[in-house]
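Participant: Sharing a structure with you now.
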Amino acid sequence: MRKNIIAGNWKMNTTLSEGLALAKGLDEALKGKTLKCDVVIGTPFTHLASVAAAIDTKRIGVAAQNCADKDKGAYTGEVSAAMVASTGAEYVILGHSERRQYYHETSVTLEAKVNLALANGLTPIFCIGEVLAEREAGKHFEVVDEQVRTALFDLSPEDFSKIVIAYEPVWAIGTGKTATADQAQEIHAHIRKTLAAKYGDVIANDTTILYGGSMNAENAKDLVAKPDVDGGLIGGASLSVEKFLPIIEAF
Ligand code: 13P
């Protein structure tokens, strides 16, 4: 079944003590509330184990923001999917535009990461989205199709059904310029159609597709009210309980 999810992506923010305080604060704020969505926080690698131990992971799922494209071995500085899973994290954000742009991640490495994440029982939150020039050239549909096709379409239907997609137009990330709810709905519906053409209507309908890019307390309600927007992947506004909570409560 399709799930509603509000996920925070802390990116490279917070020291361990700050991150722990943020996670515990959110856990406390959600205690006793009946929510219409699952809540996930994507912390730096260094925080995963401590955060997972400090909160109720039934209430808040923990995500890594990346994992290695190799299983294990002599890859200095890398963190494997098995290591991530061993911390108590259940999710891993993969293919974020910042990783594609600054760390040159390609669909080949991303496909390997997705496979390793799945093999280790993690749920990939797989990010796709076009840059401004592509949107202005009317190529955004093609771009997202290509991103899902090249990294995900060799998955078996069973494996594909474990994936969460996050549509994040690069021009909306950290810019304060969010896609309108209609723009988000239009492309989410398109993505779902692309998934249906490959995996059939049932799997496509059951796939959670999140929106990300300057989502906040003000615009969240309109975005999640759209039938094909199943939640959000939130950067800046996930760094304080005060800003993140109203987004969670937008459902
Ligand atoms: P902002 O919410 O800060 O725009 O970031 C979105 C994002 O990149 C989440 O992964």
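Throughout, read-outs are computed from the coordinates displayed, never taken from laboratory work. Quantities reported herein were computed from a predicted structural model and do not represent experimental measurements. Glycine gets a Cβ as well: all are built from the backbone with ideal geometry, and neighbour counts include every protein chain shown.
Participant: Could you work out, for the stretch 105-206, what percent of all Cα-Cα pairs fall into each 5 Å distance bin, beginning at 0 Å and stopping at the bin that holds the largest distance?
Facilitator: Computed distribution, short to long bins: 2, 12, 23, 24, 19, 13, 6, 1.
Participant: In debye, nearest 20: dipole of the stretch 124-251 around its Cα centre with unit charges on the Cβ of K, R (+) and D, E (-)?
Facilitator: Value, rounded to 20: 120 debye.
Participant: Dipole of the chain, Cα-centred, from +1 at each Lys and Arg C-beta and -1 at each Asp and Glu C-beta, to the nearest 20 debye?
Facilitator: Values: 25 positive and 32 negative charges, 90 e Å.
Result for the chain is approximately 440 debye, rounded to the nearest 20.
Participant: Determine the gain in length on full extension of the stretch Ala21-Asp201; use 0.36 nm per residue of separation and subtract their C-alpha separation, reporting nm with one decimal. Provide the component values of the computation, followed by the final result.
Facilitator: Details: separation 180, 0.36 × 180 = 64.80 nm, distance 4.22 nm.
Gain on stretching Ala21 to Asp201: 60.6 nm.
Participant: Scan around Gly212 for amide H atoms under 5 Å from its own, H built in the peptide plane at 1.01 Å from N, and keep only partners 5 or more places away or cross-chain.
Facilitator: Tyr167, Glu168, Leu233
Participant: Another question, if that's okay. Report, in listed order, any pair from Lys3/Lys58; Lys3/Lys198; Lys33/Lys177; Lys70/Lys243 with a Cα-Cα distance greater than 25 Å. Each step should come with its number before you reach the end.
Facilitator: On the way: Lys3/Lys58 15 Å; Lys3/Lys198 21 Å; Lys33/Lys177 31 Å; Lys70/Lys243 36 Å.
From Lys3/Lys58; Lys3/Lys198; Lys33/Lys177; Lys70/Lys243, over 25 Å: Lys33/Lys177; Lys70/Lys243.
Participant: Further question: Tabulate in residue order the Karplus-calculated ³J(HN,Hα) for the stretch 188-197, using 6.51 cos²θ - 1.76 cosθ + 1.60 with θ = phi - 60°, rounded to whole Hz; enter x for Gly and Pro.
Facilitator: Per residue, the Karplus-derived 3J(HN,Hα) values read 4, 5, 5, 4, 4, 5, 4, 5, 5, 4 Hz.
Participant: Taking a ≥ b ≥ c as the square roots of the Cα gyration tensor eigenvalues, with a/c under 1.5 meaning rounded and otherwise prolate when a/b beats b/c, else oblate, which class fits the stretch 176-251? Could the numbers behind the result be given before it?
Facilitator: Details: a/c = 2.57, a/b = 2.10, b/c = 1.22.
Here the stretch 176-251 falls in the prolate category.
Participant: Taking a quarter of the surface of the convex hull around the Cα atoms of the stretch 135-180, what do you get in nm²? If you can, show how the numbers build up before the last one.
Facilitator: Numbers: hull surface 16.5 nm².
Seen from a random direction, the Cα hull of the stretch 135-180 projects 4.1 nm² on average.
Participant: Further, regarding this structure: Can you compute the FRET efficiency between Arg2 and Tyr75 using 1/(1 + (r/R0)^6), with r the Cβ-Cβ distance and R0 = 45 Å? Round to the nearest 0.05.
Facilitator: On the way: r = 36 Å, r/R0 = 0.79.
Result of the calculation: an efficiency of 0.80.
Participant: Give the long-range amide H neighbours of Val92: residues separated by 5 or more places, or on another chain, with amide H under 5 Å away, using H modelled in the peptide plane at 1.01 Å from N.
Facilitator: Under 5 Å from the amide H of Val92: Ala64, Thr123, Ile125.
Participant: Return the inverse of the average 1/r over all pairs of distinct C-alpha atoms in the chain, which is the Kirkwood hydrodynamic radius, in Å to one decimal.
Facilitator: 17.9 Å
Participant: Let me ask something additional. Around Gly232, with a cut-off of 14 angstrom between Cβ atoms, what is the net charge of the other residues, counting Lys and Arg +1 and Asp and Glu -1? Intermediate values should be presented prior to the final figure.
Facilitator: Details: positive: Lys3, Lys36, Lys221, Lys226, Lys243; negative: Asp38, Glu168, Glu218, Asp222, Asp228, Asp230, Glu249.
Result for the local shell: -2.
Participant: Find how many whole Å separate the alpha carbon centroid of the stretch 193-215 from the alpha carbon centroid of the stretch 4-38.
Facilitator: Answer, in whole Å: 25.
Participant: If you scale each eigenvalue of the Cα gyration tensor by 5 and take the root, what three semi-axes come out for the stretch 1-90, rounded to whole angstrom and sorted largest first? Mind showing how you got there, number by number?
Facilitator: On the way: eigenvalues 120, 48, 22 Å².
Working through the eigenvalues yields semi-axes of 24, 15, 10 Å.
Participant: Calculate the spin-label point distance for Ala225 paired with Lys139, positioning each point 7 Å from the Cα along the beta-carbon direction, and give it in nanometres.
Facilitator: 3.5 nm
Participant: Once amide H atoms are built 1.01 Å from N in the peptide plane, which residues 5 or more positions from Val40, or in another chain, come under 5 Å H to H?
Facilitator: The list, which skips near neighbours in sequence, is Ile6, Ala7, Gly8, Gly61.
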